[in-house]
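Structure, as structure tokens:
The values are calculated or read from the model by the stated rules, or taken from the named source; none is laboratory data. From a predicted model like this one, the values you see are computed outputs, not experimental measurements. Positions of Cβ are generated from backbone atoms using ideal geometry, with glycine treated the same way; all protein chains shown enter the neighbour counts.
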Amino acid sequence: MKKLLLSASVAMMLFSCQKEDNSTNTQVDTAANRGCASHEVLERQMQEDPTLASRMANIDKFTNEAVKAGRLVNGVIEIPVVFNVLYRTTTENTSLAQLQSQIDVLNADFAATNADYNTANNPYSAVRSGNMNIRFVLDQVIRKSTTKTSWGTTDTMKNAKRGGIAATSPTTKLNIWVCTIGGGILGYAQFPGGASSTDGVVLDSKYTGNTGTATAPFNLGRTATHEVGHWLNLRHIWGDATCGSDQVADTPTHDSANYGVPAVGHRSTCSGTPLEMYMNYMDYTDDRGMYMFSAGQKARTAALFVSGGARVSFAQP
Ligand SMILES: [Zn+2]
């Protein structure tokens, strides 16, 4: 785990959380800044499976062509969600009410019916996604007790032989593992193109839903909105590089991740110093500071569900 190429701030958190496995001090493992391990997990998976990079490149090629041709799915895609809850303490045994609150947040954020969607002074209101046309339905909850204090980011929680819970029907259902991850990581997702057995999203139970044990400043359920965005092929808005590309045309170039809630008018240091879209779910902003996807991100996700798309198995006939 220490070999992962984590950003400096996450790496610092990792150090400060090193003793977490033997500690019951909840203060130690409560994150101050958003930490998402999706990109680091992808880099590990690419090293383990040399064919993954070309599979993902083909998905991106298909996506770009579909977006350009306007060949996108029109109806609402309904996605059954299986929660796999792994708990050592009763606090970690996330209540049904808290899990349902996560479904409700996902549905509001993806339908653009979230209460903060029309936040004033949004310089990017013209390129907001509107309804992403993706709905989430609670399908089932699987619970398993464990002696593990934290699970890390190596997908062990998805392996029944190693104490985890195997994915249920991962080609037709979104599996969300809810457990204690540790290391200051709030969650991570697998991008389209990865192995079926590890497909889905992992959430730390402290950053799941908007009630129960949900912990500020990540207590509004937006960690799942961000991670499901990755599961739907969206990249971090800074492209995981200094002034990198997220492969979406209508999002500005960001120099790096934003933390907390940036001031209105915050600019990128990249070429042209554009206003940053820190209110986008794919940034690292606190939950209360993020409230939109862009139209370009919507098109990128919609391309997954057309014939030949990487997640067409989820599309209703
Ligand atoms: Zn992320």
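For segment 135-163, filtering for residues that are among the hydrophobic types (A, V, I, L, M, F, W, C) and in a helix (DSSP H, G or I) leaves 2. Among the criteria (1) within 16 Å of the ligand (Cβ to nearest atom); (2) touching a residue at least 40 places away in the same chain (Cβ under 8 Å), the one residue 254 does not fulfil is (2). Select from segment 164-181 the residues that are under 21 Å from residue 135 (Cβ atoms) and either without any contact (Cβ under 8 Å) to a residue 60 or more places away in the chain or in a loop (DSSP other than H, G, I, E, B) (or both) and list them in ascending order. Passing the criteria: 167, 168, 169, 170, 171, 172, 173.
Taking residue 207 as the residue in question, decide whether it is under 23 Å from residue 63 (Cα atoms) and aromatic (Phe, Trp, Tyr). Spelling it out, it is not the case that residue 207 is under 23 Å from residue 63 (Cα atoms) and aromatic (Phe, Trp, Tyr). Only a single criterion out of (1) assigned to a loop (DSSP other than H, G, I, E, B); (2) out of contact with any helix residue (DSSP H, G or I) (no Cβ under 9 Å at 6 or more places or on another chain); (3) in contact (Cβ under 8 Å) with a residue 12 or more places away in the chain is not satisfied by residue 263, namely (3).
Scanning segment 38-59 for residues that are crowded, with 18+ Cβ neighbours inside 10 Å and either over 18 Å from the mean Cα position of the chain (by Cα) or over 29 Å from residue 178 (Cα atoms) (or both) gives a single hit, 59.
Out of 301, 285, report the one residue that is buried (at least 23 other Cβ atoms within 10 Å of the Cβ), part of a loop (DSSP other than H, G, I, E, B), in contact (Cβ under 8 Å) with a residue 60 or more places away in the chain and not aliphatic (A, V, I, L, M). Give the derivation first.
Values: 301 fails: part of a loop (DSSP other than H, G, I, E, B).
The conditions single out 285.
Candidates are the residues of segment 33-52 that are assigned to a loop (DSSP other than H, G, I, E, B) and within 15 Å of the ligand (Cβ to nearest atom); the one that is farthest from residue 287 (Cα to Cα) is 37. Any residue in segment 230-248 that is at pLDDT 95 or above, part of a helix (DSSP H, G or I), away from the ligand (no atom under 12 Å from the Cβ) and farther than 21 Å from residue 79 by Cα? No; the residues of segment 230-248 include none that is at pLDDT 95 or above, part of a helix (DSSP H, G or I), away from the ligand (no atom under 12 Å from the Cβ) and farther than 21 Å from residue 79 by Cα.
Picking from residues in segment 186-224 that are under 21 Å from residue 309 (Cα atoms) and within 12 Å of the ligand (Cβ to nearest atom), the one that is surrounded by the most Cβ atoms within 10 Å (Cβ to Cβ) is 189.
May I ask you to verify whether residue 180 is of a type in the set (Ser, Thr, Tyr), surrounded by fewer than 19 Cβ atoms within 10 Å (Cβ to Cβ), modelled with pLDDT of 95 or more and more than 16 Å from the ligand (Cβ to nearest atom)? No.
Quick check on residue 162: is it more than 16 Å from the ligand (Cβ to nearest atom) and in contact with a strand residue (DSSP E or B) (Cβ under 9 Å, 6 or more places away or on another chain)?
Numbers: more than 16 Å from the ligand (Cβ to nearest atom): yes; in contact with a strand residue (DSSP E or B) (Cβ under 9 Å, 6 or more places away or on another chain): no.
No; evaluated as a whole, the condition is false for this residue.
Exactly one residue out of 118, 122, 107 is farther than 16 Å from residue 222 by Cα, of a type outside the set (A, V, I, L, M, F, W, C) and surrounded by fewer than 16 Cβ atoms within 10 Å (Cβ to Cβ), and it is 118.
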